[in-house]
Amino acid sequence: MKEVTAAIIIKNQMILIAQRGKDEKEEGMWEFPGGKIEIGETEEQCLKREIKEELDIEIEVGDFLGESIYDYSHGQIKLLAYFAQVIRGEIKLTVHSAIRWVAIEEIDEFNFAPADIPLVKKLKKLYREYN
C-alpha cells in the first residue's frame with residue numbers, strides 16, 4: 001500500500017482544490033494536492049516537498065484531518081490529509097491542469113478522485129459542526 005499525503009489549504013474560508021493533469025491517473029478529476037511519501041520522510045516533510053514541487057508555494061502543516069484507504073486498479077493507497085496554510089509564494093501549476101478556491105457549499109460540484117471523497121465528506125461534516 002502506498003502512503004500519500006494531501007493538503008487541505010484554507011484561505012479566507014475558501015478551500016484549495018486541484019485538477020489532475022493530462023496523462024495523470026484519474027486525469028481531470030479534482031483532489032487535494034499532495035503526493036507519495038518517500039523513504040525516510042515524515043508525512044509533514046512529504047507534504048511540504050510535494051506542495052513546493054506541484055504548486056511552487058511553501059506551506060505550514062497543521063492538524064491531521066483524517067485518512068482514506070482506496071483500492072485503485074493500479075494499487076491500494078492510504079491518503080493522509082492535513083490542514084495547511086500558505087506561508088510563502090504564489091501558486092504556479094506544474095502537474096495540475098487547474099486549481100480553484102472553493103467554498104465548502106460548492107465542493108460537491110466537483111468530480112473528486114475516489115480516495116479524496118471520504119476527506120471531502122469529513123471536511124463538510126467539520127464545517128457543519130463549527131459553523
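Have a look at the DSSP beta bridges in the stretch 1-113 and tell me what percent are antiparallel, nearest 5.
Numbers: 25 of 34 bridges.
Bridges in the stretch 1-113 are about 75 percent antiparallel.
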For this session: May I ask you to work out the translational diffusion coefficient for the stretch 48-97 at 20 °C, viscosity 1.002 mPa s, via Stokes-Einstein with Rh from the Kirkwood sum over Cα pairs, reported in whole µm²/s?
Result: 173 µm²/s
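Kindly provide the GluC sites (Glu not before Pro) of the stretch 26-125 that DSSP labels as loop, not H, G, I, E or B, and whose Cβ sees at most 13 other Cβ atoms within 10 Å. Don't skip to the answer; put the middle values down first.
Values: sites: Glu26, Glu27, Glu31, Glu38, Glu41, Glu43, Glu44, Glu50, Glu53, Glu54, Glu58, Glu60, Glu67, Glu90, Glu105, Glu106, Glu109; in loops: Glu26, Glu27, Glu38, Glu41, Glu90.
For GluC sites (Glu not before Pro) across the stretch 26-125 that sit outside H, G, I, E and B with at most 13 neighbouring Cβ atoms in 10 Å, the list reads Glu27, Glu38, Glu90.
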Problem set entry | Positive-end extreme of charge dipole, the stretch 2-130 - chosen from Ala103, Ile37, Leu79 (charges on Cβ) | Ala103
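Quick check for me: using +1 on Lys/Arg Cβ and -1 on Asp/Glu Cβ, what's the dipole size of the chain about its Cα centre, in debye to the nearest 20? Please report the intermediate quantities before stating the final value.
On the way: 18 positive and 26 negative charges, 37 e Å.
Charge dipole of the chain: 180 debye, to the nearest 20.
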Problem set entry | J(HN,Hα) series, the stretch 103-114, from Karplus relation 6.51 cos²θ - 1.76 cosθ + 1.60, nearest Hz, glycine and proline x | 7, 4, 5, 9, 4, 6, 6, 10, 8, 7, 4, x
Problem set entry | Value of Rg to Rh for the stretch 1-55 (Rh from inverse mean 1/r over Cα pairs, i.e. Kirkwood) | 0.99
For this session: Post the alpha-carbon centroid distance, the stretch 1-58 to the stretch 81-131, in whole angstrom.
Result: 10 Å
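I want the local charge near Met29. Using Cβ-Cβ distances under 12 Å, sum +1 for each Lys or Arg and -1 for each Asp or Glu among the other residues.
Numbers: positive: Arg20, Lys25; negative: Glu24, Glu26, Glu27, Glu31, Asp116.
Result for the local shell: -3.
Looking at the chain from every direction and averaging, what is the projected area of its Cα convex hull in nm²? Please list the in-between numbers first.
Numbers: hull surface 30.4 nm².
Spelled out: convex hull of the Cα atoms, projected over all directions, averaged, 7.6 nm².
Coordinate-derived values only; no laboratory data. Everything numeric in this text was worked out from a predicted model, so none of it was measured. Note that we place each Cβ from the backbone using ideal geometry, even for glycine, and neighbour counts take in every protein chain shown.
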